[in-house]
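Accompanying notes for the structure given below.
The values are calculated or read from the model by the stated rules, or taken from the named source; none is laboratory data. Given the structure is predicted, the values throughout are model-derived calculations rather than measurements. All Cβ positions, even for glycine, are placed from backbone atoms using ideal geometry, and neighbour counts span all protein chains on display. Please note that ligands, DNA and RNA were not included when accessible areas were found on the heavy atoms of the full protein model with its side chains. Shrake-Rupley method; radii C 1.70, N 1.55, O 1.52, S 1.80 Å.
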Amino acid sequence: PLELLQQAERVTGVREASALLSEAILCERKVDAHLNELLSKRTSVETGVANLKDSLGLLGLMQQHAETIAQQTKQASTLADEVSRRVRELDASQVRVSESMRRLESIAEAERCVEELKDAMATSEYDRAAERIQ
């Protein structure tokens with residue numbers, strides 16, 4: 001287009017002017033075609049931009065949900081840690097109770113042996129008393 005303007009300044013004859021005009025019309029048609037092509041893409045570009053805006057809003061919502069899920073997961077993890085700690089405490093308590101029960105059973109068994117030993121001694125059953133001592 002700039003070349004056409006420079007050539008137009010140097011035109012001296014009608015034929016030259018006619019040829020230059022034809023070339024200018026051809027150039028104008030190419031520019032019009034290119035502009036029409038760009039304008040035809042405008043709708044799809046605008047649709048794409050609108051979709052991106054919708055996606056951005058959706059991404060924001062998804063981020064909020066992800067943050068909520070992360071917070072809930074953290075709370076669940078904290079709760080699970082607390083439950084686990086309490087289970088360990090209960091397990092330790094159960095071990096202590098079991099040990100105490102074994103000791104009580106041993107004490108009760110020893111008391112029975114002492115009573116049977118006393119009975120055997122009282123009735124002069126020395127063989128039975130000896131069995132109880134072993």
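Less than 15 Å Cβ to Cβ from VAL11, Lys/Arg counted +1 and Asp/Glu -1: what total charge do the surrounding residues give?
-2
Hey, rough spin-label estimate for GLN75 and LYS118, points 7 angstrom out along Cα→Cβ, what's it come to in nanometres?
6.3 nm
Counting only protein heavy atoms, what percent of the accessible surface of region 18-78 is carbon or sulfur at a 1.4 Å probe?
Carbon-and-sulfur percentage of accessible area, whole number: 63.
Given only helices, namely DSSP H runs of n ≥ 4 each adding -39500 (n - 2.57), what is the per-residue ellipticity at 222 nm of the chain, to the nearest 500 deg cm²/dmol?
Details: 3 runs with 125 residues, N = 134.
Per the formula, -34500 deg cm²/dmol.
Dividing the convex hull volume of the Cα atoms of region 17-80 by its residue count, what figure in Å³ per residue is obtained?
71 Å³
Roughly what would the spin-label model give for GLN6 and VAL31, points 7 Å off Cα along C-beta, in nm?
Inter-label distance under the simple model: 1.7 nm.
Can you tell me how much longer the chain between LEU61 and ILE107 gets when fully stretched, taken as 0.36 nm per residue apart minus their C-alpha distance, in nm with one decimal?
Full extension from LEU61 to ILE107 adds 9.7 nm.
Per Stokes-Einstein, at 10 °C and 1.306 mPa s, what whole-number D in µm² s⁻¹ belongs to the chain, with the Kirkwood radius over Cα pairs as the hydrodynamic radius?
D, rounded to a whole number, is 61 µm²/s.
For a quick check of your reading of the filter: which trypsin sites (Lys or Arg not before Pro) in region 1-79 sit in a DSSP loop and have no more than 14 other Cβ atoms within 10 Å?
Answer by residue number: ARG10.
Taking 2.2 N^0.38 Å as the expected size of a compact globular protein, what ratio does the Cα radius of gyration of region 73-134 give against it, to two decimals? It would help to have the intermediate numbers written out before the result.
Working: Rg = 23.3 Å, N = 62, 2.2 N^0.38 = 10.6 Å.
Rounded to two decimals, the normalised Rg is 2.21.
For LYS53, go through the lysines and keep the ones whose alpha-carbon is under 29 Å away, minus same-chain ones fewer than eight residues off.
Of all the lysines, those that pass the test against LYS53 - Cα under 29 Å, at least 8 places apart if same chain - are LYS41.
DSSP loop GluC sites (Glu not before Pro) in region 1-33 with at most 16 other Cβ atoms within 10 Å of their Cβ, which ones?
Here no loop site has a sparse enough neighbourhood.
Dipole magnitude of region 1-69 about its Cα centre, charges +1 at Lys/Arg Cβ and -1 at Asp/Glu Cβ only, in debye to the nearest 20?
100 debye
Could you report the chain's accessible area per residue, 1.4 Å probe, as an integer in Å²?
On a per-residue basis, 89 Å².
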